[in-house]
Amino acid sequence: MKRVLIPLLIGCLLILLGYVMSQPNRLAFWNSMEVTVTAYNSTRAQTDGNPRRAAWNNRLKPGMKAIAVSRDLLKLGLDNHTKVWIEGFDGPYLVKDKMNRRYRRRIDVYFGQDVSAAREFGRRKARIYWR
């Protein structure tokens, strides 16, 4: 019985540890900070040149969970394709774009071409988590 029980308990602990490490929380080793969160769209008026092409040459498609980060956050590890969890939002967002140099401690959530939804979103503060 012990030969079965001990490996079973160890397996359960490893599965639990894997889950804890995959979710942003205080038990795992996550970076976090409070930032200003705004919204942006793929329109010619809001971009330089091609509205579907981001700063790292990533393609933006409406519906994808993407964000742009201010350039001061790049030094903290929020670079291309980093997974970021935003408090109050579901699922991870991928860093796909970077913002103008004038912004600090700020992220833009990508809203595709839905300008009215982006305007309704407005500006808010939120805590973000990343590794």
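What follows is calculated from the coordinates using simple rules that are stated; it is not laboratory data. This structure is a prediction, so every number in the text was calculated from the model and none was measured. Here the Cβ is made from the backbone with ideal geometry for all residues, glycine too, and neighbour counts use every protein chain on show.
Of note:
- Projected label points at ASN57 and THR43, each 7 Å from Cα along the beta carbon direction, are separated by 2.9 nanometres.
- Taking the number of Cβ atoms within 10 Å of each Cβ as an exposure proxy, the fewest-first ranking of TRP130, TRP56 is TRP56, TRP130.
- Counted by neighbouring Cβ atoms within 10 Å, the residues TYR40, TYR129 run from fewest to most as TYR129, TYR40.
- Rounded to the nearest 10 degrees, the angle from helix 2-22 to the longest Cα principal axis of the chain is 10 degrees.
- Separation of the SER32 and ASP90 label points, Cα + 7 Å toward Cβ, nm: 2.1
- Volume per residue for the chain equals 131 cubic angstrom (convex hull of Cα atoms).
- With R₀ set to 41 Å, the beta-carbon distance separating HIS81 from ARG3 gives a calculated FRET efficiency near 0.40.
- Per-residue Cβ neighbour counts within 10 Å put VAL115, VAL35 in the sequence VAL115, VAL35, beginning with the fewest.
- Cross-link reach is defined here as a Cα-Cα straight distance under 29 Å, omitting same-chain residues fewer than 8 places apart; for LYS125 the lysines meeting it are LYS61, LYS65, LYS75, LYS83, LYS96, LYS98.
- Efficiency of FRET between GLU120 and ASN50 - r from beta-carbon atoms, R0 41 angstrom, step 0.05: 0.95
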